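Have a look at the structure below, then the notes.
Any read-out appearing in this document is the output of simple, stated calculations on the displayed coordinates, not a laboratory observation. No experiment lies behind these values; they were computed from the predicted model shown. Neighbour counts are summed over all protein chains in view; Cβ atoms, including those assigned to glycine, are modelled from backbone coordinates with ideal geometry.
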Number of protein chains: 2
Amino acid sequence: MDKWVERKRPVRLERRFEFETYEATRDFLDRLGDFSESSERFPDISFGKTYVNITLRPEVQEDLCMADYQFAEGIDELFI
Amino acid sequence: MDKWVERKRPVRLERRFEFETYEATRDFLDRLGDFSESSERFPDISFGKTYVNITLRPEVQEDLCMADYQFAEGIDELFI
């Protein structure tokens, strides 16, 4: 969770993940897709051959809440 | 190919694809991943629940060339 950066205007959490290979990047994106579907949350994602950037906006209100941090932690667990 | 926008500084091609569902978005991303691997080209991609934005930079030189436009056309064919 400590690797996420909290930004303002608009309020959001951001984290960049880096990988050795495109295959590892795709595997992470696959896990992230499954996690998004099961969580019914679909963050904005940008990626290239060996990186993935995730932007997470508050789910309900204007501010980040526990559910948002928990979702971010869930994403961290996919990075194995 | 006519739906790609050519931009400068840096020179690049961009196109936004929109989908009805997250499932359709994922299916497109899967086809795009396979196409990237077989082409050995890995454009910058950003996506959310129902959209995918692709940014394609020149493969070799400073300017876009036939190989870049052909790669873009190959991506168009994945959008079915």
**Request:** Sum -39500 (n - 2.57) across every DSSP H segment of at least 4 residues in the protein assembly as shown, then divide by the residue count to get the 222 nm mean residue ellipticity, nearest 500.
**Result:** -13000 deg cm²/dmol
**Request:** Compute the longest continuous run of chain A that contains no exposed GluC sites (Glu not before Pro); treat a site as exposed when its DSSP state is not H, G, I, E or B and it has at most 11 other Cβ atoms within 10 Å.
**Result:** A:41-61
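Given the pairs A:LYS8/A:LYS49; A:LYS49/B:LYS8; A:LYS3/A:LYS49; B:LYS3/B:LYS49; A:LYS8/B:LYS49, which are separated by over 25 angstrom at their Cα positions?
Table pairs above 25 Å Cα-Cα are A:LYS8/A:LYS49.
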**Asked** Looking only at other chains, what is the average number of their beta-carbon atoms within 10 angstrom of each beta-carbon in A:17-24?
**Response** 1
**Prompt:** With charges set only on the Cβ (+1 for Lys and Arg, -1 for Asp and Glu), what does the dipole of chain B come to about its Cα centre, in debye to the nearest 20?
**Reply:** 420
**Asked** In terms of the Cα gyration tensor, with a ≥ b ≥ c the square roots of its eigenvalues, is chain B rounded because a/c is under 1.5, prolate because a/b exceeds b/c, or oblate?
**Response** prolate
**For residues of B:41-50, the mean tally of beta carbons on other chains within 10 Å** = 5
**Prompt:** Where a ≥ b ≥ c are the square roots of the eigenvalues of the C-alpha gyration tensor, would you call the protein assembly as shown rounded, which needs a/c under 1.5, or, failing that, prolate if a/b is larger than b/c, or oblate?
**Reply:** prolate
**Request:** Could you work out how far helix B:22-39 tilts from the main Cα principal axis of chain B, as a 0 to 90 degree angle to the nearest 10?
**Result:** 40
**Cα centre as origin, Lys/Arg/Asp/Glu Cβ charges: the protein assembly as shown dipole, Debye** = 760
**Asked** Against the longest alpha carbon principal axis of chain A, how many degrees, from 0 to 90 and to the nearest 10, is the axis of helix A:66-78 turned?
**Response** 10
**Item:** Note, ³J(HN,Hα) from phi for the range B:15-21, Karplus 6.51, -1.76, 1.60, rounded to Hz, x at Gly and Pro
**Value:** 8, 9, 10, 10, 10, 7, 9
